[in-house]
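The values are calculated or read from the model by the stated rules, or taken from the named source; none is laboratory data. Nothing here was measured: the structure is a model prediction, and the numbers come from that model. Using ideal geometry, Cβ is built from the backbone for each residue, glycine included, and neighbour counts are taken over all protein chains shown. Heads up: the accessible areas ignore ligands, DNA and RNA and are worked out on the full protein's heavy atoms, side chains in. Shrake-Rupley method; radii C 1.70, N 1.55, O 1.52, S 1.80 Å.
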Amino acid sequence: MVYRNAPQQHLSLYQFLLLAGRRIKPLQQVHAQIILSGKTSSLPLLTKLITSACAAEAIIYTRQLLFSIPNPDSFLFSSLIKTSTKHNYPVDSLIFYRHMLVCNAEWSNHAFTAVIKACANLSALGLGRIIHCHVIVSGYGVDLFVQAALVSFYSKCNELGVAQKVFDEMPQRTLVAWNSMISGYEQNGLADKAITLFYKMRDSGVEFDSVTLVSVLSACSQLGDLSLGCWIHEYIRSNLHVNTTIATSLINMYGRCGDVIKAREVFNSLNQQNVVTWTSMISTYGMNGYGKKAMEIFHLMKLHGPPPNSITFIAVLSACAHGGLVSEGQLAYTSMIQDYKLVPKMEHHVSMVDMLGRAGLLNKAYQHIQDMNHVKPGAAIWTAMLGACKMHKNVNLGVIAADNLLAIEPQHPGHYVLISNIYAMAGQMDRVEMIRNVMIRKGLKKQVGYATIEVDHKTYLFTMGDKSHPETVAIYRYLDELMERCREVGYTPASESVMHELEEEERVYALRYHSEKIALAFGLLKTGHGSIIRIVKNLRVCEDCHIAIKFISVVTKRKIVVRDKLRFHHFENGICSCLDYW
DNA sequence: ATAGGGTTAG
């Protein structure tokens, strides 16, 4: 308690600390002053010094400082753990936690929440479990802050069951706990559970905030749930201030639900755009196949917006890949490196290979892979290459891509169909057989395709050849009739896109009753003439369905929007926004 | 005098 006797002296040292801010040299000068004036036991001073050093990201100096302090107290430890977690030094956060244990300092909910968050950032499930035990033994198991941190931690470690259990056992569920649980489901791809929980939250009378809605909007994007998304937009308009975060979520939601016009409206309504809102708008256009529009926005951004970052260029290159804008994409790629000094990462290379490959420039795509400096081509690169080889029927390069893909991810079930297709094309039936055997041996099945459609605020799900719907007979009869009308105006089934091992008869059946066709027939039967049909498909839409839907848009005179695994297809008058380029 | 749990783009 020495410092109470000489407040003047300390005040000036403290002011020096404030002046030093996060600059490391001035901080070290004040440190010297502290030593010279003999105030090395003033914990408030040392706490400010050490957290400033940590915030200045001088982590080695921070560690040295801690070990030079004779009796750090609980406050110093929890501040330090908090700051190190916040500045992305989770390992140091754990080291400080251990040091806190050794020093036998008193625990606090602040120290626990921070160290749990550090474990969450590391996805360190085992360590987090141990700390959870420590929490309970220290009597902090009942603390609402610590419980919320645990919910978030278990969610980030994909342990949603445990997260839910901690959440359920909370005597009082705080807003933050609800938000953690909802975002936990959303981040783990369980969008329907996130939405169910949101309704529960609303019904239990807990006030939600913009953080809740950001997660729920993401869940809407995943499911293509445009009606809940619109409801949230209305709610925000009348109750909340639209900040850039929530605006980004709205743009993204509309974009991923295929409503480009609404996305643009939100974008235009913003007073202040940042790099994230610009990037979202570019990627919305790109994802929906409007490559030219995406480039228009990119151009506006370069004129009036902040400098594009690495993620902006992923959006730009991907828009070029999906829009067939090869020379524009190549220019953007060069500009990224030369004008913006950004180093291309794996995702940029994937988009480049995708872009060149789709355009049929297979040798250039292969050359790009070989020219990648310091980056080892990952599975995504070879998948893009393989897809392009299949599209343009280049067997030689296709086999090279397939071999590389098999070498990198031999276990991945999603690759087998594509790989065996290319070997079949190359006439290497022994390898086709081998791949098939591997699939059977490992119990790997083709991912089950399904399509969903929303009618009267209710979502219906169909799988291939689905007969579970009570009106199945009517749906199939209508679908058959529809396909007959399409045939009359020139449609012929493209059966080669079905997996080769099916018998011919099965192929035709499989094509005719693909989930997206059933969902589409159901939607056309159930909705009025002017409305847009919106379908979400979990896999990529197949070639035959793509052709068929173009014809269906003609014979029914309807607008049809299909979101597949990668992008959107807007069908109207026999034309798709992807220009058959996907 | 010392810090402050959850959320944001491909």
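Here are the numbers for the structure shown:
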| quantity | calculated |
| --- | --- |
| Test for residue A:160: is it in contact (Cβ under 8 Å) with a residue 12 or more places away in the chain, in contact with a Phe, Trp or Tyr (Cβ under 7 Å, 6 or more places away or on another chain) and more than 24 Å from residue A:75 (Cβ to Cβ) | yes |
| Candidates A:87, A:99, filtered to the one that is more than 23 Å from residue A:138 (Cβ to Cβ) and surrounded by fewer than 22 Cβ atoms within 10 Å (Cβ to Cβ) | A:87 |
| Scope region A:268-289; condition under 19 Å from residue A:323 (Cβ atoms) and more than 19 Å from the chain's Cα centre (by Cα); matching residues | A:289 |
| Residues that are aromatic (Phe, Trp, Tyr), under 21 Å from residue A:566 (Cβ atoms) and open to solvent by less than 20 Å² (accessible area, probe 1.4 Å), drawn from region A:264-296 | A:285 |
| Criterion: under 25 Å from residue A:263 (Cβ atoms), open to solvent by 40 Å² or more (accessible area, probe 1.4 Å) and not in a helix (DSSP H, G or I) - qualifying residue of A:189, A:205 | A:189 |
| Residue that is farthest from residue A:516 (Cα to Cα), among those in region A:535-551 that are surrounded by fewer than 21 Cβ atoms within 10 Å (Cβ to Cβ) and of a type in the set (Lys, Arg) | A:550 |
| Answer residue from region A:410-428, given it is over 15 Å from residue A:398 (Cβ atoms) and surrounded by 13 or more Cβ atoms within 10 Å (Cβ to Cβ) and is modelled with the highest pLDDT among those | A:412 |
| Region A:68-94 - residue that is under 17 Å from residue A:27 (Cβ atoms) and of a type in the set (A, V, I, L, M, F, W, C) and, of those, nearest to DNA strand B (Cβ to nearest atom) | A:76 |
| Single unsatisfied condition, residue A:553 versus (1) outside any loop (DSSP other than H, G, I, E, B); (2) within 24 Å of residue A:359 (Cα to Cα) | (2) |
| Only one of A:251, A:232 that is surrounded by 15 or more Cβ atoms within 10 Å (Cβ to Cβ) and within 11 Å of DNA strand B (Cβ to nearest atom) | A:251 |
| Extreme residue, surrounded by the fewest Cβ atoms within 10 Å (Cβ to Cβ), among residues of region A:462-492 that are touching a residue at least 60 places away in the same chain (Cβ under 8 Å) and assigned to a helix (DSSP H, G or I) | A:485 |
| Lone qualifier among A:105, A:114, A:163 - being open to solvent by less than 20 Å² (accessible area, probe 1.4 Å), in a helix (DSSP H, G or I), at pLDDT 90 or above and under 28 Å from residue A:70 (Cβ atoms) | A:114 |
| Residue within region A:116-137 that is touching an Asp or Glu at 6+ places or on another chain (Cβ under 7 Å) and not β-branched (Val, Ile, Thr) present | yes |
| Lone qualifier among A:364, A:293 - being farther than 18 Å from residue A:261 by Cα and of a type in the set (Lys, Arg) | A:364 |
| Wholly within region A:267-378, helices (runs of 4 or more DSSP H) carrying at least 3 residues that are among the charged types (D, E, K, R) and within 16 Å of DNA strand B (Cβ to nearest atom) | A:346-358 |
| Any hit, region A:497-506, residues being surrounded by 19 or more Cβ atoms within 10 Å (Cβ to Cβ), over 16 Å from residue A:455 (Cα atoms) and at pLDDT below 90 | yes |
| Flag if residue A:364 is exposed (fewer than 15 other Cβ atoms within 10 Å of the Cβ) and basic (Lys, Arg) | no |
| Cβ pairs under 7 Å, 6+ apart, first in region A:112-127 and away from DNA strand B (no atom under 11 Å from the Cβ), second part of a helix (DSSP H, G or I) and open to solvent by 40 Å² or more (accessible area, probe 1.4 Å) | A:123/A:156 |
| Index of the failed condition, residue A:555 passing every other in (1) closer than 14 Å to residue A:286 by Cβ; (2) surrounded by fewer than 21 Cβ atoms within 10 Å (Cβ to Cβ) | (1) |
| Residue check for residue A:216: open to solvent by less than 10 Å² (accessible area, probe 1.4 Å), of a type outside the set (S, T, N, Q) and without any contact (Cβ under 8 Å) to a residue 60 or more places away in the chain | yes |
| When residues of region A:144-162 are limited to those that are of a type in the set (A, V, I, L, M, F, W, C) and more than 9 Å from DNA strand B (Cβ to nearest atom), the one nearest to residue A:126 (Cα to Cα) | A:157 |
